[in-house]
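Peer 1: Just dropping this structure here.
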Amino acid sequence: MNWNRGRVSAALEQAQAVLAAPDETSKSWKPYARVLLALGALRRADLDTAGAYVRQAAMDWALGNTYGPACAWMVVQTTEAEHGAEAAAPLVEQVISPGQDRERLLLADPAAAAWLTRFMVRRDGRSAEEIAVTARALATRTGNMPALEAAARHAEGLVRRSATDLLFAADHHLDPWAAASAREDLGVLLVAQGASQQATTVLEHAATGYFTAQSPRDVARLKRRLHRLGRTRDQADRPEEPGTGILGLTRTETAVAELVALGLSNAQAAQKLFISRHTVAHHLRSIFKKLRISSRVELARTWMESSR
């Protein structure tokens, strides 16, 4: 499925084509197409368009069509966005109740696992645990499906308050928006643990992820979080600009360079910065190119000289 693999534009184009098709073959897919279009509009902060599709989704839900769980999920999200958590709470309770098919919902949109778990962690820890258990059972039974494994680890990370699980989810979600969501949850956890400097780096990466996923509503929320952490510069809505750190490196490159210059491995630097080893390697390649060096030894020497 294009949506769950992060190919959002392709998924929305397909959804539009399904709605425009006059043939009976596409009729059964129209409810789900409306769900995708509503979700796309919601991420863009286009609440008017989202609301129009959601009203149709609510009717689909009431009629008990094949995509009932996905329709219900869309109604829940839009209600929360428009009217707040209190207004959405009764609908969330209905969606996660034992009589509903939670597995069908998590198959339709794996990102629902973390959203619902996060919502219920604040209200009913037992229900949050049950959602995480459902996500884990689904991921285990379906086998080699990265989107479902990442969704399960994301939900488990929220329940367990596990930085390791949240980092895994951030690095393995196929959907860029879901990956940014996991990184945001990791940043929030780090703030709660008193690791404000690490949290700032993680939340900046999350903001960049939301920006890439074309989700201005989420970028705006991250900007507010970063402002509360002392980041007053308006940089949460775009990737890091070059030349903002020592030796003309970006802030993240500076952090990576310092750790590697001190002798840390890529894995150790990744653990310190709460990013993946692949991300550290990517930054190192950029650092080497900018500094015109080719080894970690040269980096250490250059770093020492710049610090004198």
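The values are calculated or read from the model by the stated rules, or taken from the named source; none is laboratory data. None of these values were measured; they are calculated from a predicted model. So basically every Cβ, Gly included, is an ideal-geometry build from the backbone, and we count neighbours across all protein chains shown. Accessible surface areas use protein heavy atoms only, side chains included; no ligands, DNA or RNA. Shrake-Rupley method; radii C 1.70, N 1.55, O 1.52, S 1.80 Å.
Peer 1: When the Karplus curve 6.51 cos²θ - 1.76 cosθ + 1.60 is applied with θ = phi - 60°, which whole-Hz ³J(HN,Hα) does each residue of the stretch 144-155 get, with x for Gly and Pro?
Peer 2: These are the phi-based 3J(HN,Hα) values: 7, 10, x, 4, 6, 5, 4, 5, 5, 5, 5, 4 Hz.
Peer 1: Mind checking the stretch 126-155 for GluC sites (Glu not before Pro) that DSSP puts in a loop (not H, G, I, E or B) and that have at most 14 other Cβ atoms within 10 Å?
Peer 2: Here no GluC sites (Glu not before Pro) fit, given the DSSP loop and packing criteria.
Peer 1: Do me a favour and compute the ellipsoid semi-axes for the chain from its Cα gyration tensor, root of five times each eigenvalue, largest one first, whole Å.
Peer 2: 39, 20, 18
Peer 1: Ok, one more. Please report the spacing between the Cα centers of the stretch 197-212 and the stretch 156-178 in Å, no decimals.
Peer 2: Here the answer is 14 Å between Cα centres.
Peer 1: Continuing with the same structure: Just the number, please: carbon plus sulfur as a percent of the accessible area of the chain, 1.4 Å probe, no ligands or DNA/RNA counted.
Peer 2: 53 percent
Peer 1: Using the Cα centre of the stretch 160-234 as the reference point, and only Cβ charges (+1 on K/R, -1 on D/E), how large is the resulting charge dipole? Debye, rounded to the nearest 20.
Peer 2: 400 debye
Peer 1: Among 105-114, 199-208, how do they line up from the highest to the lowest mean number of other beta-carbon atoms within 10 Å?
Peer 2: Output ranking for 105-114, 199-208: 105-114, 199-208.
Peer 1: To the nearest 0.05, how large is the calculated FRET efficiency for ARG296 and LYS272 if R₀ is 25 Å and r is the Cβ-Cβ distance?
Peer 2: E between ARG296 and LYS272, to the nearest 0.05, is 0.95.
Peer 1: Could you rank the peptides 160-173, 217-230 by their average count of other C-beta atoms within 10 Å per residue, with the highest value first?
Peer 2: 160-173, 217-230
Peer 1: Taking the Cα centre of the stretch 58-188 as the origin and placing charges on Cβ (Lys, Arg +1; Asp, Glu -1), which of MET59, ALA108, GLY157 is farthest toward the positive end of the dipole?
Peer 2: Ranked along the dipole, the leading option is GLY157.
Peer 1: For the stretch 291-301, just list the computed ³J(HN,Hα) in residue order, Karplus coefficients 6.51, -1.76 and 1.60, θ = phi - 60°, integers in Hz, with x standing in for Gly and Pro.
Peer 2: With the stated coefficients, the stretch 291-301 comes to 8, 6, 10, 9, 8, 5, 5, 5, 4, 4, 5 Hz.
Peer 1: Still on this model: Find which of GLY125, GLY263, SER9 sits farthest along the positive direction of the dipole of the chain, computed with +1 on the beta-carbon of Lys and Arg, -1 on that of Asp and Glu, about the Cα centre.
Peer 2: GLY263
Peer 1: With a 1.4 Å probe and all protein chains left in place, how much accessible area per residue does the chain have, in Å²?
Peer 2: 49 Å²
Peer 1: How far apart, in nanometres, would the label points at ARG44 and GLU82 be if each is projected 7 angstrom from Cα along the Cα-to-Cβ direction?
Peer 2: 1.8 nm
Peer 1: Which Rg and Dmax, in Å, describe the Cα atoms of the stretch 74-163?
Peer 2: My reading of the Cα-based Rg and Dmax gives 12.4, 38 Å.
Peer 1: For the stretch 41-54, just list the computed ³J(HN,Hα) in residue order, Karplus coefficients 6.51, -1.76 and 1.60, θ = phi - 60°, integers in Hz, with x standing in for Gly and Pro.
Peer 2: With the stated coefficients, the stretch 41-54 comes to 5, 5, 5, 7, 6, 8, 5, 5, 5, 4, x, 5, 5, 5 Hz.
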